[in-house]
Amino acid sequence: MGDRELEFVKEAFATNWIAPVGPHIDAFEQEFCQVIGAPYAAAVSSGTAAIHLALRLVGVQPGDEVFCSTLTFAATANPITYLGAKPVFIDCDRVSWNMNPDLLWGTLERRARIGNLPKAVIVVHLYGQSADIDPILEACNHFDIPLIEDAAESLGATYKGRATGSFGRIGIFSFNGNKIITTSGGGMLVSHDSQLIEKARFLATQARDRAPHYQHSEIGYNYRLSNVLAGIGRGQLQVLSERVAARRRNFKIYQKALAKLPGIEFMPEVGFGQATRWLTCLTIDPKAFGADREQIRLFLAEQQIESRPVWKPLHLQPVFADCEYIGGAVSEDLFTRGLCLPSGSNLTNADLERVISAIATIHHQNSTTNLKNHFSSC
């Protein structure tokens, strides 16, 4: 948080605009549109709420299927189940770690032949990097399937010079506390269709009909963002480019230092766009490095350094055990070997050096131990 956010919050208090309406919401939506390049936006209470609304807006109903990236957080797929629909998980590629366009195309072609196409496709832009949108969007358009972009982790990223979240029928964003900018909790829907966004606002405010009394002809939700949090968002949005620069700097420092160690590979940045490096992610070859992902994570934890595995693929989650999945080997391998390092925008050089030193230490300790064991066996 900075001074700009506090000024907007003070303004909300001074003008008594506290409830989930007010000038900061309108301004936040307009300013967000300018950043993303989509003409219409609706601010809501979370990214999950945004996905839920997006699925309703494109007509997902009980019994429908929705294709979804498997290498992502559960919040991407949970709203599918809210509507009584069923997710079908699509594996990622190794190039971008995002949905594999070839798998999507092939699966849609097979489904089209038997008349069983999904109601929608949700593609995730993972860890601040865009998926390969052109072939994914081409596939969806070819089969007349609406594309929802989950850009919760990729605000500030681009695909061929254009912001992620601005390509599909609807794009969604998150301002949760761990995102590159935050309103503590919040989300946004964007679209080039004004009617969709107007309907989103209607549903997000309990679907209250236009009448002097309280009348409701549809089921709605209490999903609108508050004016106070929108004020925080306005201040945060002004420093988005600084936050992206800080995350990319973290990545470069990690990469320069750790790429020298055997068995470490970083999440690649694909030439079709610029990633934010929201999180710095890498994979470990345990034979070459001398320790596996979990041994490194636990060693870092002993040094009071938090790291986390790459997302566990959704098709491996117990709650989705009965769901169909296409592929799976790539995401499973990335989960087994992948680690996310501390990546906050306010990390100092000393912080980064402490992480780097700890990783180097476990490599050298294990290499020495393995070497001693080798000679002992000889």
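Some values worked out for this structure:
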quantity: Tally of residues being under 14 Å from L57 (Cα atoms) and among the small types (G, A, S) across the range 119-150; calculated: 1
quantity: Residue that is surrounded by 13 or more Cβ atoms within 10 Å (Cβ to Cβ), closer than 21 Å to T76 by Cβ and either touching a strand residue (DSSP E or B) at 6+ places or on another chain (Cβ under 7 Å) or in the same structural domain as A257 (by TED's automatic domain parsing) (or both), where the choices are P318, P313; calculated: P313
quantity: Pair list, Cβ < 7 Å and 6+ apart or interchain, from the range 66-87 residues that are closer than 19 Å to S130 by Cβ to residues that are polar (S, T, N, Q) and in a strand (DSSP E or B); calculated: T76/S69
quantity: Residues within the range 268-282 that are buried (at least 22 other Cβ atoms within 10 Å of the Cβ) and over 16 Å from I180 (Cβ atoms), tallied; calculated: 1
quantity: Test: residue in the range 100-112 that is under 14 Å from the mean Cα position of the chain (by Cα) and not assigned by TED's automatic domain parsing to the domain that holds L316; calculated: no
quantity: Lone qualifier among A204, A163, A151, A157 - being touching a Phe, Trp or Tyr at 6+ places or on another chain (Cβ under 6 Å) and either of a type in the set (K, R) or under 24 Å from E269 (Cα atoms) (or both); calculated: A151
quantity: Sole residue being surrounded by fewer than 17 Cβ atoms within 10 Å (Cβ to Cβ), in contact with a helix residue (DSSP H, G or I) (Cβ under 9 Å, 6 or more places away or on another chain) and within 26 Å of H192 (Cβ to Cβ), chosen from Y40, Y82; calculated: Y82
quantity: Residue within the range 263-286 that is in a helix (DSSP H, G or I), over 30 Å from L108 (Cβ atoms) and modelled with pLDDT of 95 or more present; calculated: yes
quantity: Pick from the range 186-207, criterion farther than 20 Å from V35 by Cβ and surrounded by 14 or more Cβ atoms within 10 Å (Cβ to Cβ), ranking: nearest to the chain's Cα centre (by Cα); calculated: A204
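Let's see how each residue does on (1) part of a helix (DSSP H, G or I); (2) under 30 Å from G2 (Cβ atoms); (3) at pLDDT 95 or above:
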{"residue": "K312", "(1), (2), (3)": "no, no, yes"}
{"residue": "S331", "(1), (2), (3)": "yes, no, yes"}
{"residue": "C340", "(1), (2), (3)": "no, yes, yes"}
{"residue": "S343", "(1), (2), (3)": "no, yes, yes"}
{"residue": "N346", "(1), (2), (3)": "no, yes, no"}
{"residue": "A350", "(1), (2), (3)": "yes, yes, yes"}
{"residue": "E353", "(1), (2), (3)": "yes, yes, yes"}
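The values are calculated or read from the model by the stated rules, or taken from the named source; none is laboratory data. Note that the coordinates shown come from a computational prediction; the quantities given were computed from them, not determined experimentally. Because the Cβ atoms are built from the backbone with ideal geometry, glycine has one as well, and the counts that use them run over all protein chains shown.
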